[in-house]
Amino acid sequence: TSAQIGVTGLAVMGSNLARNFARNGYTVAVHNRTPAKTHALMQEHGHEGDFIAAETAKEFVQALERPRRLVVMVKAGGPTDAVIEEFAPLLEPGDMIIDGGNAHFADTRRREAALREKGIHFVGAGISGGEEGALNGPSIMPGGPAESYESLGPMLEKISAKAADGAPCVTHVGPDGAGHFVKMVHNGIEYADMQLIGEAYQLLRDVAGYSPAQIAEIFRTWNTGRLDSYLIEITAEVLAHVDAATGKPFVDVVVDQAEQKGTGRWTVQIALDLGVPVSGIAEAVFARSLSGHASLRDASRSLAGPKATPLSAAEAEAFADRVEQALYASKIVSYTQGFHEIDAARAEYDWDIDLGKVASIWRGGCIIRAAFLDRIRAAYDARPDLPSLLSDDTFAQEIAAAQDDWREVLVAATRQGVPTPGFAAALAYYDALRAERLPAALTQGQRDFFGAHTYRRVDREGSFHTLWGQDRSEVGA
Ligand code: 6PG
């Protein structure tokens, strides 16, 4: 017998993905650089389905039916290149290498182009949902050649998460690096969601005076409404957890320095290159970096802050409702910014990405899965050329209804000295977009003054320069 799919790289994600394929009835060839992991997988889970354990790269490739489908689940970067270098010479035209890691999309573009020369299909596939998702159904974002999806797609659809309406959370996102690009933005949005939730928590604690256990209850309630999502759900779990050793809330015994593996940072770096304002995602990345500057924070603890004014129980309750509004409005803005970045990449790289489809495959399996994504899907389905999520009537109306509370929350945060960069950036983005006039006109004037960089006028076509150092008359440029 031969295997319909192979997985190389059997750390948790790889072995769970292999088990997922096997549990869905596929024969799966498994391989790892050090065979010990392959043996362990066979020993512990071999009975779950049909596996073929391969000791060597050659055995692994020979175990696969043609065209071969070879899933690579190793660390992004050098290790991925090393695996490709090892396997590519053993493959034939038409075979597929599927990179399921968190690769940078530029690397995926490079690898795809190089393998295309050999007739090998390289499919950079974003996979979200962590260990649990890999095993029971992740959200999958494959790029690469469209032909590869014909034979690969049905298999991915089988192992993927299903949305509430039963639709599989996978689609051919677009060519070459499009899948990894979309996964990158998923992670950027994940960072923003997490930051906004963190700010909501801090406000409920420091302004409203609630305990972590009480805040867990508030999040549980929110999770039954429009904020219904995996991240809100697990936030309640984390906040309700009590440390066994000390009896303190778990959240109080964890060092408050957030780490990151880089995908959120990439989202911002690429957005800078594309000229897309993803300010909410950027603030989320910066907030993590700031938290990690321990000595800077130590040196700053004595800086002056405002006097705290405690809220009454009734005020605290009303404030919590306002925080829900602020969180929801800010969340709409983060997704608006993330989708704008995908839209910009679509134009830049000539990728035919269906934004409604992207929202649709994020409805289940992935870390940002949420009821909310079905609404985004509906917005793009109703109007595929939607210039921005904020132009959707429903979202615009919801923000209109939330904005007074959103502003009040930021007033309270500012007055009480609670940092809320995510909420603030989201509101600034919203206000900037709706502004009749922006001070960018003044910026242009300054640039023209010091560098003769020219400006355009509101009333005439063309570029102009004012002779600032002479008689201040205007000349065409
Ligand atoms: C997912 C997650 C996954 C990973 C994050 C963690 O979609 O399943 O996003 O890819 O857990 O990259 O990112 P940080 O370590 O950067 O927080």
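The values are calculated or read from the model by the stated rules, or taken from the named source; none is laboratory data. Here the structure is a predicted model, which means the values were calculated and not measured. All Cβ positions, glycine included, derive from the backbone under ideal geometry; neighbour counts span all protein chains shown.
Points to keep in mind about this one:
- Failed item in (1) crowded, with 22+ Cβ neighbours inside 10 Å; (2) more than 23 Å from the chain's Cα centre (by Cα), with Gly14 passing the rest: (2)
Residues checked against (1) within 15 Å of the ligand (Cβ to nearest atom); (2) assigned to a helix (DSSP H, G or I); (3) among the hydroxyl-bearing types (Ser, Thr, Tyr):
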residue	(1), (2), (3)
Ala258	yes, no, no
Lys261	yes, no, no
Arg265	yes, yes, no
Gln269	yes, yes, no
Asp273	no, yes, no
Pro277	no, no, no
Ala284	yes, yes, no
Arg288	yes, yes, no
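- Looking only at region 127-150, residues that are surrounded by fewer than 21 Cβ atoms within 10 Å (Cβ to Cβ) and either under 16 Å from Thr263 (Cβ atoms) or within 16 Å of the ligand (Cβ to nearest atom) (or both) come to 5 in all.
- Checked against (1) among the β-branched types (Val, Ile, Thr); (2) surrounded by 24 or more Cβ atoms within 10 Å (Cβ to Cβ); (3) within 15 Å of the ligand (Cβ to nearest atom), Ile98 meets all criteria but (3).
- Qualifying residues in region 202-219 (those that are aliphatic (A, V, I, L, M) and assigned to a helix (DSSP H, G or I)) - the one surrounded by the fewest Cβ atoms within 10 Å (Cβ to Cβ): Ala213
- Taking region 443-463 as the range and being surrounded by 10 or more Cβ atoms within 10 Å (Cβ to Cβ) and not β-branched (Val, Ile, Thr) as the test, the residues that pass are Gln444, Gly445, Gln446, Arg447, Asp448, Phe449, Ala452, His453, Tyr455, Arg456, Arg457, Ser463.
- Boolean, Met155 is in contact (Cβ under 8 Å) with a residue 24 or more places away in the chain and either surrounded by fewer than 24 Cβ atoms within 10 Å (Cβ to Cβ) or more than 16 Å from the ligand (Cβ to nearest atom) (or both): yes
- Of note, Met184 does not satisfy the criterion of being within 13 Å of the ligand (Cβ to nearest atom), surrounded by fewer than 24 Cβ atoms within 10 Å (Cβ to Cβ) and closer than 25 Å to Ala371 by Cα.
- Residues of region 64-84 include at least one that is at pLDDT 95 or above, among the acidic types (Asp, Glu), more than 16 Å from the ligand (Cβ to nearest atom) and under 20 Å from Thr27 (Cβ atoms).
- Here region 187-201 is the region considered, the condition is being more than 16 Å from the ligand (Cβ to nearest atom) and not charged (D, E, K, R), and the residue that is surrounded by the fewest Cβ atoms within 10 Å (Cβ to Cβ) is Tyr201.
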